[in-house]
Amino acid sequence: MDRIELINKGADAVRNTPHLFSAYKQYLLEDWGELPQGCFGCQFNNHFNQWKNQVLNKNIIPMENKIVNNNKTYVLKDRGTLKYLNGDVWSNNSSDEDWIKYINLKPQAKDLFYVLPVSIEKTRLDLDNEEDFKKKESNESLMTEDVVGDLNIVDQKPKRGRKKQD
């Protein structure tokens, strides 16, 4: 069975037939170089449609060539921040260049960041905010000696369940 025949069977038939499902996984390995990360079953329809469109358009992009934004240098105060301007959306997943464009258009947007993107000119206030964030981040990750050293507290916890009647 080739790719086109598998696509013509449809996503539901591929998902519910073990023979077709294993063929689909094999084609994904051949085309993308690896299986997608995350829950394969939950994201099946999304990945099947992407793969189908790539096969039909003869535009298969291997996983290693897909763009992943792992090198961002900024930290937003609120990770759920979404900013809209002229039909574009900036979020926590946007690149440094996108946020730099946004900050150039709206300078007051610097207030959204704990740490600004690297190539932005930083004022003294911006540098102070970054230092405060780094101190706060390092303090949160350290465990105090009281928490680690005082393990007797766990033994003194009341037992769960009903109390015995005298």
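The values are calculated or read from the model by the stated rules, or taken from the named source; none is laboratory data. Treat the numbers as computed from the prediction; the structure is a model and nothing was measured. Note that each Cβ is placed from the backbone with ideal geometry, even for glycine, and that neighbours are counted across all protein chains shown. Calculation scope for accessible area: heavy atoms of the full protein, side chains included, ligands and nucleic acids excluded. Shrake-Rupley method; radii C 1.70, N 1.55, O 1.52, S 1.80 Å.
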With the requirement that a residue be in a helix (DSSP H, G or I) and under 17 Å from Asn129 (Cβ atoms), what does region 90-113 give you?
Trp99, Ile103, Pro107, Gln108, Ala109, Lys110, Asp111, Leu112
Between residues in region 1-24 that are in contact (Cβ under 8 Å) with a residue 12 or more places away in the chain and residues that are basic (Lys, Arg) and open to solvent by less than 100 Å² (accessible area, probe 1.4 Å), which pairs lie under 7 Å by C-beta distance while being six or more apart or on different chains?
Ile7/Lys52
In region 86-137, residue modelled with the highest pLDDT [restricted to those that are among the small types (Gly, Ala, Ser) and loosely packed, with under 12 Cβ neighbours inside 10 Å]
Gly87
